[in-house]
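The values are calculated or read from the model by the stated rules, or taken from the named source; none is laboratory data. Bear in mind the structure is a predicted one, so any value in this text is a computation, not a measurement. Neighbour counts run over all protein chains shown; Cβ positions are idealised from the backbone, glycine included.
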Amino acid sequence: MESAILGLKNATAIEGGLTESLLQKFIKVSNQEQDKKQAIRQKIFAASEMDLMSKLPNVNRNDPNSLEWIGLLGQLERLRNSSPGTDSVQSIIKRMMEKAEEEYKGNDEFLEKIWAIRKSPLKSEQIGLYPLEDELMHFIEQAFKFYEENSQLLGNSQ
């Protein structure tokens, strides 16, 4: 029960407040069977990747890593009507890139696999990832593309 309440509290940070949609999402995620999610994860990920899975942020945890990711997603949610190239959005994307490097040190294949799953609401649900709205996912993807393109331009000009 404590984990569920913490998860709901952290989910409101991503969503920007408590809404009926958030409650519906949270109930759906909470009702999923843990054993079923674990079995699906084991089919998708190699044993070495399962260790990396445990590092993914989780709205039901109060660890600093999860809380920072939740905060970053919440900031992007509030900015999603902005241009993906604005300084404030790009600052958040830069921090996400730094965190991904810190946490997953060169495991780009794992990160690409997670991102592909994350873009599919069904697959995200199957492995127990917190559901993010399609509009937010599209905005994040645009912001990452902008970041990567500009990083390459800066790298080429130096």
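Quick check on my filter: what residues within region 1-19 are part of a loop (DSSP other than H, G, I, E, B) and modelled with pLDDT of 75 or more? Scanning region 1-19 gives GLY16, GLY17, LEU18, THR19. Could you tell me whether ALA39 is of a type in the set (A, V, I, L, M), modelled with pLDDT of 75 or more, part of a helix (DSSP H, G or I) and under 17 Å from the mean Cα position of the chain (by Cα)? For ALA39, the condition - of a type in the set (A, V, I, L, M), modelled with pLDDT of 75 or more, part of a helix (DSSP H, G or I) and under 17 Å from the mean Cα position of the chain (by Cα) - is not met. With respect to ILE93, determine if the residue is within 22 Å of PHE144 (Cα to Cα) and at pLDDT 95 or above. Yes, satisfied. Restricting attention to region 92-148, the residues being under 16 Å from GLU49 (Cβ atoms) and aromatic (Phe, Trp, Tyr) number 3. Take the conditions (1) under 24 Å from GLN142 (Cβ atoms); (2) in contact (Cβ under 8 Å) with a residue 12 or more places away in the chain; (3) under 13 Å from the mean Cα position of the chain (by Cα); LEU67 misses just one of them, which is (1).
Looking at region 67-74, can you tell me whether even one residue there is within 16 Å of GLU15 (Cβ to Cβ) and touching an Asp or Glu at 6+ places or on another chain (Cβ under 8 Å)? The answer is yes, given that some residue of region 67-74 is within 16 Å of GLU15 (Cβ to Cβ) and touching an Asp or Glu at 6+ places or on another chain (Cβ under 8 Å). In region 65-104, of all residues being in a helix (DSSP H, G or I) and among the small types (Gly, Ala, Ser), the one that is surrounded by the fewest Cβ atoms within 10 Å (Cβ to Cβ) corresponds to SER91.
Would you check which residues across region 108-132 are assigned to a loop (DSSP other than H, G, I, E, B) and either in contact with a Lys or Arg (Cβ under 8 Å, 6 or more places away or on another chain) or at pLDDT below 90 (or both) and list them? Residues satisfying the conditions are GLY128, LEU129, TYR130, PRO131, LEU132.
When GLN152 is tested against (1) surrounded by 18 or more Cβ atoms within 10 Å (Cβ to Cβ); (2) without any contact (Cβ under 8 Å) to a residue 24 or more places away in the chain; (3) in a helix (DSSP H, G or I), exactly one condition is not met: (1).
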